Number of protein chains: 2
Amino acid sequence: MKIAEVSERYDISLDTLRYYERIGLIPPVNRNKSGIRDYSEIDLKRVEFIKCMRSAGLPIDVLVEYVGLVKQGDKTIEARKGILKEQREQLLVKMDEMQKTLDMLNYKIEVYENAVLKKEKEII
Amino acid sequence: MKIAEVSERYDISLDTLRYYERIGLIPPVNRNKSGIRDYSEIDLKRVEFIKCMRSAGLPIDVLVEYVGLVKQGDKTIEARKGILKEQREQLLVKMDEMQKTLDMLNYKIEVYENAVLKKEKEII
DNA sequence: TTATCACTTGGAGTTGACTCCAAGTCAAGT
DNA sequence: ACTTGACTTGGAGTCAACTCCAAGTGATAA
């Protein structure tokens, strides 16, 4: 699969896909004889994984380190697990903060609804 | 309350507190006769609100607009409610993405746990 | 009174993550 | 043969959100 189709399928820009590969966030993709990227099924899985991780805000440098470890084989499984566990902890913290923000937003919106209601009562 | 104590209490740097005020994310804080900021209870509430919103990633320009509307009084209540509702929608989307990422992380970590277990079995 | 220290300002610099650009290559259609 | 269009590269530019810096001020302690 060529880069344009990958870009379309995952809604990631061409530039970003090439950028990810350049910095090692995705291992080098195979090329045809004229040097054009041809994404394999495995490449697509990798793109999907990175998209998922990035969408939650996992930092690029951490993901680059993780991908580097994967390349080194089974002896890095413990290290990889450690990275993912650490990121999971941080994600849980962020989700908790977001829940608090959501609570705050819900509260404020409700206050505004009531303010509007009160005005309507005054008018009628 | 002086800026150092506010910084300490909310874990926001001095520079960031001043930056927030400069760009209008927090209305001007009162000063004593020598020009030093003296945060009131209301100022602290505002700092806390902004910290909460920022911790969930609400963009600064949106918050600046919101704070500007608050300054303009009750006639902007509908507009403010609109902003908060829009941000709430986006927050829900982000939380959903994070949940998916969390599921993925949990799955991967479990796979690694099993890989380690399998190795241990081989050894024993 | 002199040094220290927390504060002030305007402006410049940094960071992370893209995003854009110019110049070049290749395969396919007219 | 020539044009078009999708691809390639290295490198520069952008953006949001800080973060740092230098120079200055005023209150307090030795």
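In table form, for the structure just shown:
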item	result
Radius ratio Rg over Rh of the protein assembly as shown, counting only Cα atoms, Kirkwood formula for Rh	1.10
³J(HN,Hα) computed for each position of segment B:50-57 - Karplus, 6.51 cos²θ - 1.76 cosθ + 1.60, integer Hz, glycine/proline x	5, 4, 4, 5, 5, 5, 9, x
Charge dipole (debye, nearest 20) of segment B:48-124; +1 at Cβ of Lys and Arg, -1 at Cβ of Asp and Glu	160
Size of electric dipole in segment B:1-59: Cβ of Lys, Arg +1 and of Asp, Glu -1, about Cα centre, debye, nearest 20	180
Nearest-0.05 FRET efficiency for A:Asp38 and A:Ala115, computed from C-beta distance (R0 51 Å)	0.30
Per-residue ³J(HN,Hα) for segment A:22-33, Karplus 6.51 cos²θ - 1.76 cosθ + 1.60, θ = phi - 60°, Hz, x for Gly and Pro	4, 8, x, 7, 10, x, x, 8, 4, 10, 7, 4
Lysines whose Cα lies under 21 Å from that of A:Lys118, excluding same-chain neighbours fewer than 8 positions away	A:Lys108, B:Lys71, B:Lys75, B:Lys81, B:Lys85
Mean-position separation - Cα centroids, segment B:1-70 and segment A:41-75, in angstrom	37
GNM result for chain B, Cα springs below 10 Å: residue of B:Val62, B:Val111, B:Val93 fluctuating most strongly	B:Val111
Selected from A:Asp15, A:Asp103, A:Asp38 as most flexible by GNM, with chain A as the system and alpha-carbon contacts under 10 Å	A:Asp103
Overall dimensions of segment A:1-58 as given by Cα atoms, namely Rg and Dmax in Å	10.8, 37
Which of A:Val6, B:Val116 has the fewest Cβ neighbours within 10 Å, and the rest in rising order	B:Val116, A:Val6
Cα-based shape type of chain B, given that a ≥ b ≥ c are square roots of the gyration tensor eigenvalues and the cut on a/c is 1.5	oblate
Positive-end residue of A:Ile3, A:Gly82, B:Met95, charge dipole of the protein assembly as shown with Cβ unit charges	A:Ile3
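Read-outs throughout are calculated quantities, based only on the coordinates presented, and are distinct from any laboratory measurement. Everything numeric in this text was worked out from a predicted model, so none of it was measured. Here Cβ is always computed from backbone atoms with ideal geometry, including for glycine, and neighbour counts include all displayed protein chains.
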